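The values are calculated or read from the model by the stated rules, or taken from the named source; none is laboratory data. From a predicted model like this one, the values you see are computed outputs, not experimental measurements. Cβ: placed from backbone, ideal geometry, glycine included. Neighbour counts: every protein chain shown.
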Amino acid sequence: MVFTSTVFLFLFLPVFLTAYALLPPRHRTALVLVGSYAFYAWWRPDFALVFALTTGLAIASGRAIARAQADGARRLALALGVGAQLAALGYFKYAGFGVENLNAVLAAVGVRPLPMLEVVLPIGISFYVFQAISYLIDVARGDAPRDARAVDVAAFVALFPQLIAGPIVRFKTIAADLPAPRMTLQGFAAGAERFMLGFVKKVLIADALAPVADGAFALGAPTAAEAWLGTTAFAVQLLFDFSGYSDMAIGLGRMLGFTLPENFLRPYRARSVTEFWRRWHLSLSTWLRDYLYVPLGGNRRGRRRTYVNLVTVMLLAGLWHGASWTFILWGAWHAAWLIAERLAGVRADRPALPAPLSTLGTFVVVLAGWAAFRADDLDAARAVLSGMLGLQGLALGPDLVWLLGPRALLAGALGLWLAFRAPPAAEWRPAAAWRRGVLLPLFVLGVARAITDAASPFLYFQF
C-alpha cells in the first residue's frame, strides 16, 4: 500500500485512525501491529510471512540476549540473532546478484554456470531488517529495555508509517510510548500538517520531474545538456520523493503519538561531502556510524585504518541500496571524496572554499554520484558520465525538449529553490494563514493528481 494511493487515503487511514482514537491507549499497540501487517500484506500477503518470521527471530534473539548471564553467551546470542537477520536479507536481496557474478567468473574459466535464482525482493526488507538488528545490538549493549513485551517489539519493527522506507528507528526512541501510545490534538494537527507537506513534495515536485529524469537516463548517449539536465532532475526528484516519504512517515507517527527521527536537513546545501552525509538520510548514516563504523574502530586506530573503515562503510552503504555494481560504484565515489577531504583537512564546519563555491562544488560531486546511482548498469553510468563531460555533444535534443512542459519546469524551479533556500521541514513554522491558504489547497491538488495519474511508487521502495 502506498501513502499516495486512494486505498490508503480514503479507506485504510480513516478506518485505522477512527479505531485507534476509540481504543484505550493500552490497547493501541496491538492495533498498530494488526494495522501494520494489513498495510504490508496489501501488496504480497506471502511476504508478510517472511516479515513475521524475521520479527519472530528478532524477538526470540532479543530474549536470549537478555537472559544470557555471561558475556560469551550474550555475544553468541547476538551473533546468531544478527546472522539470522542478515541471512534473510542476503538471500532475498543478494542471492541472484551473487550467482550472476559467480557465473561470469565460471564462464571465464570454462565452467558450466549455475542455474539463476529468481528471487522477488520483499518490499522494505532493508529497512525492517536494519531495525531488527539495531534492536538486538541495543539490547546487548543495554541501550534498549531487556524486558520489553513481544507485542511492543513486533509493533516497533512493523510500525506502518516508516515500515517501507524509513526513517530507520531505534527501539529506545519509541520504547516509552509503545505500551500506551497517547494521541493529542496538538500532536495530531502537527502530524497532519507534516503529512500534507510530504504529500505535496512527493506528488507535485518529485513525480513531475520523474519523466525528465527517466527520459534522460533512457538515452543511449546523452549530450552534456541532456546528462546534466537529467541528473539534476533526478537529484531533485530523489530528494523530494524520499524526504516527502519521510515527512509523511514522521507526520503519521505524530498523529499516532510517536516521535520519529528526522531524516533530511537540506543536504544539497552541504559545503562538503562530509557535511552532506550529516544531512542526507540521517537515520541510515547514523546507523552505519553507530553499528558499523565505530565498532570497526572509527577514526581511533590511525589514519590508514580510518580510511579502510570509511571505504568499508561506504561500499556497504552502496550495496545496502541494491544488488548492483552501480550502487557499489556510488559508494566508492563517496568514499573517495570523504578520504580526499580528510587528507585535505576539510571539515564539515570548515569548508575549503567560500560557502557558495563549496556548496556548488559539493553539489556537482553529489550529482556525479547520482548519475551512477540512477543508471541501470555500468555501461549506462559510463554513458551519462561521459555526457556530463561533454564527450557526446553539447546540445539538448528533441527527445527531452518535449518533456519540459510547464509542470516539469515549475516543479524543477520550485524544487531547486526549496532545496537550497527553504528551511528544513523540522524547522518549518508557517503561519496559520499560510497553512490554510497555501498548504491545504496544494494538498487537495496533490490528491487530485494522485487520483488521476498512474501509480508512482516511492523510489526507495526498491531498496
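Points to keep in mind about this one:
- Scanning the stretch 402-418 for residues that are over 14 Å from Ala210 (Cα atoms) and surrounded by 13 or more Cβ atoms within 10 Å (Cβ to Cβ) yields Leu414, Leu416, Leu418.
- Among the conditions (1) over 19 Å from the mean Cα position of the chain (by Cα); (2) assigned to a helix (DSSP H, G or I), Leu117 misses just one, which is (2).
- Selected residue [of a type in the set (Asp, Glu), closer than 23 Å to Ile451 by Cα and surrounded by fewer than 24 Cβ atoms within 10 Å (Cβ to Cβ)] from Asp247, Asp241, Asp214: Asp214
- Out of Ser5, Ser61, sole residue that is of a type in the set (S, T, N, Q), farther than 21 Å from Tyr460 by Cα and in contact (Cβ under 8 Å) with a residue 60 or more places away in the chain: Ser61
- Of the helices (runs of 4 or more DSSP H) entirely within the stretch 326-425, those holding at least 3 residues that are more than 23 Å from Phe242 (Cα to Cα) occupy 355-374, 378-388, 398-401.
- Given (1) closer than 18 Å to Leu209 by Cα; (2) of a type outside the set (Gly, Ala, Ser); (3) over 24 Å from the mean Cα position of the chain (by Cα), number of the condition Asp379 does not satisfy: (1)
- Sole residue being over 25 Å from the mean Cα position of the chain (by Cα) and either at pLDDT 90 or above or part of a helix (DSSP H, G or I) (or both), chosen from Val15, Val7: Val15
- Taken as a whole, the structure places Val50 among residues that are on the phi < 0 side of the Ramachandran plot and touching a residue at least 24 places away in the same chain (Cβ under 8 Å).
- Contacts under 8 angstrom Cβ, first residue in the stretch 264-291 being in contact (Cβ under 8 Å) with a residue 12 or more places away in the chain and part of a loop (DSSP other than H, G, I, E, B), partner small (Gly, Ala, Ser) and buried (at least 23 other Cβ atoms within 10 Å of the Cβ), 6 or more apart: Phe264/Ser243; Phe264/Ser246; Arg278/Ala270; Arg279/Ala270; Trp280/Ala270; His281/Gly166
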